[in-house]
Amino acid sequence: MAFKTMELMFEDLPMRTCLLGACAVLLLTGAPQARAQAGDVVPCRSETVAGSRYEITCELTRPSPSRLRFSVRLSGGHDDSSSVLEVRHSGVELACGPGSKVSSDGEYGDIELACIFDAPQADMAAPLRINVSLKASHVELERYSLTSP
């Protein structure tokens, strides 16, 4: 497993398993907490769950940038592909702002989803944990990243 500029590249994994057209990726662990500055990529970890779903967790120390961007790159899109991205903090869905694209239906080829959001202003002493749910049916998850735009 290798990191390229702290962005996880699934093609670097030694093994991928595809089941019924939806790829399941092995449990990945990211690097420890990081402090994000403009343009930095925050390390995340991913877990594949049943039903073509992925749960991704990113954690960074405070202070964090006021705006963050979570993006996902999918490949192999076709007429019956669909994907939906949801970003949460402490169980509450965060609103994605202008420039975001959080779903795709029947899109062909490579697909990029992104959510640009305001970083939650919670306990400054605690790390900021962002949870992302991705439902990706009939496409393959290539990579994801949390950055400060």
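Every read-out reported here was derived from the displayed coordinates using simple, explicitly stated rules and does not represent laboratory data. Since we're looking at a predicted model, the values are computed, not measured. Reconstructed Cβ throughout: ideal geometry from the backbone, glycine too, with neighbour counts over all protein chains shown.
Among Ser104, Asn131, Tyr144, which residue has its Cα positioned farthest towards the positive end of the charge dipole of the range 103-149, with +1 placed on the Cβ of Lys and Arg, -1 on the Cβ of Asp and Glu, and the dipole taken about the Cα centre?
Asn131
Output the peptides 101-113, 47-59 sorted from most to least packed, where packing is the average of other Cβ atoms within 10 Å over each peptide's residues.
The most tightly packed comes first, giving 47-59, 101-113.
What are the ³J(HN,Hα) values, in whole Hz, obtained from phi via the Karplus relation 6.51 cos²θ - 1.76 cosθ + 1.60 with θ = phi - 60°, for each residue of the range 89-105 in sequence order, with x given for Gly and Pro?
Rounded to whole hertz, the list is 9, 6, x, 9, 5, 8, 6, 8, x, x, x, 8, 9, 10, 8, 8, 9.
Would you please state which residues of the range 108-134 a label at Thr57 would reach in this model, taking the label point 7 Å out along Cα→Cβ and a backbone N cut-off of under 11 Å?
Taking a point 7 Å out along Cα→Cβ of Thr57, the residues of the range 108-134 whose backbone N falls under 11 Å are 129-132.
Hey, can you rank 126-136, 88-98 by average C-beta count inside 10 Å, highest first?
The packing order, highest mean first, is 126-136, 88-98.
Check Ser100: other-chain or 5+ apart residues with amide H under 5 Å from its amide H, H built from backbone geometry?
Here the answer is Ile116, since their amide H atoms fall under 5 Å of that of Ser100.
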